[in-house]
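For reference, the structure is listed below as structure tokens.
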Amino acid sequence: MKLGVLLSGRGSNFVAIADAIADGSLEGCSIAVVLSNLPDAGGLAIARERGIEAIAISGKGIPREEHEAKMIATLLEHEVDLVCLAGYMRILTPQFIRAFQNRILNIHPSLLPSFPGTHAQQQAFEYGAKIAGCTVHFVDEEVDHGVIVLQRAVAVEDTDTAETLAERILHEEHAAYPEALRRVLSGAYTVEGRRYIARS
């Protein structure tokens, strides 16, 4: 299976996936291409250092549909089977989602459906939540809404700040994304309504 990774920043979840592939703990896939909407995204440089093709496709100054058409074309050119959003900070349009129906994964730094959208860790901290965490889910046409594959919980300590909580959630994200990919790539699951159900 060929993965296409989309990112907008440093790409730490991309690195976690790439490391898992490199050390053999995530088998049956390779990263075909890394794409970013920002030419200076740190994750692009890391991908290039690792010998992975990395391409910036700027969306600045062009209609979103035109930008996404370029992204879709590049992913198809690289014969990508599964798209992994790893800190990609743009909301995908239905056009993009339909092009890779049920083949897009995202990681979100909260236990969905709590705290969707941006700054989820800060939202959880300010709300006074006692348990936070992260969620890997399939992407549908609603924001942070698709079928949940995996969640990992993080206790919110009294001594936490929003920043220390975010750091601990990120640590769990790095374990969660490769594990969720292992589950999806195995094909040993069914989806019933909103429920992801593993098959033995």
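The values are calculated or read from the model by the stated rules, or taken from the named source; none is laboratory data. Worth saying up front: this structure is predicted, and the values here are computed from it rather than measured. Cβ sites come from the backbone with ideal geometry, for glycine too, and all protein chains shown count toward neighbours.
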Task: Total residues in region 4-15, condition in a helix (DSSP H, G or I) and either touching a strand residue (DSSP E or B) at 6+ places or on another chain (Cβ under 8 Å) or crowded, with 23+ Cβ neighbours inside 10 Å (or both) - done: 2
Open item on the list: Which pairs turn up if I take residues in region 178-200 that are closer than 16 Å to L105 by Cβ and not assigned by TED's automatic domain parsing to the domain that holds Q151 and look for partners that are of a type in the set (S, T, Y) and in a helix (DSSP H, G or I) with beta carbon separation below 7 Å, at least 6 apart in sequence or on another chain?
Closed with: none
Task: Filter result for E167 (in contact (Cβ under 8 Å) with a residue 24 or more places away in the chain and in the same structural domain as G193 (by TED's automatic domain parsing)) - done: no
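Being of a type in the set (S, T, N, Q), over 17 Å from the mean Cα position of the chain (by Cα) and in a strand (DSSP E or B) is the filter here; which residues of region 143-200 pass it? Give the steps one after another, and end with the answer.
So the first thing to find is which residues in region 143-200 are of a type in the set (S, T, N, Q), and the list is 151, 159, 161, 164, 186, 190, 200.
Still in the running and over 17 Å from the mean Cα position of the chain (by Cα): 159, 161, 164, 186, 190, 200.
Scanning region 143-200 gives a single hit, T190.
In this structure, does R64 turn out to be more than 22 Å from M1 (Cβ to Cβ), of a type in the set (K, R), under 13 Å from the mean Cα position of the chain (by Cα) and not assigned by TED's automatic domain parsing to the domain that holds V184? Walk me through how you get there before you give the answer.
On the way: more than 22 Å from M1 (Cβ to Cβ): yes; of a type in the set (K, R): yes; under 13 Å from the mean Cα position of the chain (by Cα): no; not assigned by TED's automatic domain parsing to the domain that holds V184: yes.
No, not satisfied.
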- [ ] State which residue pairs qualify: first residue under 13 Å from E172 (Cα atoms) and in contact (Cβ under 8 Å) with a residue 12 or more places away in the chain and inside region 117-136, second residue of a type in the set (D, E, K, R) and assigned to a strand (DSSP E or B) in any location, beta carbons under 6 Å apart, and separation of 6 or more residues or different chains.
- [x] G133/R152; C134/R152
Task: Tally, over region 16-36, of residues that are in contact with a Leu (Cβ under 8 Å, 6 or more places away or on another chain) and buried (at least 18 other Cβ atoms within 10 Å of the Cβ) - done: 10
Open item on the list: Filter region 130-151 down to the residues that are crowded, with 19+ Cβ neighbours inside 10 Å and either among the hydrophobic types (A, V, I, L, M, F, W, C) or on the phi < 0 side of the Ramachandran plot (or both) and list them by number.
Closed with: A132, C134, T135, V136, H137, F138, V139, G146, V149, L150
